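Below: one structure, written as structure tokens.
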Amino acid sequence: MPGILSKIAMFARTPQGRRLTQKARTAASDPRKRAEAKRALSRLRGRGSGHR
């Protein structure tokens, strides 16, 4: 049974996975989208460390 990383790697090789990868790269190059993602990650990290 393949692990989660193997499944992700297999999905990334499919046409749909390639489309999503390209979409993510495009979004990452946009400064506004990058800032949004950074804020979202910081919120998630804050919750994960026990701060409520």
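The values are calculated or read from the model by the stated rules, or taken from the named source; none is laboratory data. Every value quoted in this text rests on a predicted model; they were computed, and no experiment measured them. Note that each Cβ is placed from the backbone with ideal geometry, even for glycine, and that neighbours are counted across all protein chains shown. The accessibility values were calculated without ligands, DNA or RNA, using every heavy atom of the protein model including side chains. Shrake-Rupley method; radii C 1.70, N 1.55, O 1.52, S 1.80 Å.
Here residue 23 sits with roughly 140 square angstrom of accessible surface, probe radius 1.4 Å.
Dipole check for the chain: with +1 at the C-beta of Lys and Arg, -1 at the C-beta of Asp and Glu, and the Cα centre as origin, the magnitude is about 160 Debye.
Scaled against 2.2 N^0.38 Å for its residue count N, the alpha carbon radius of gyration of the chain is 1.51.
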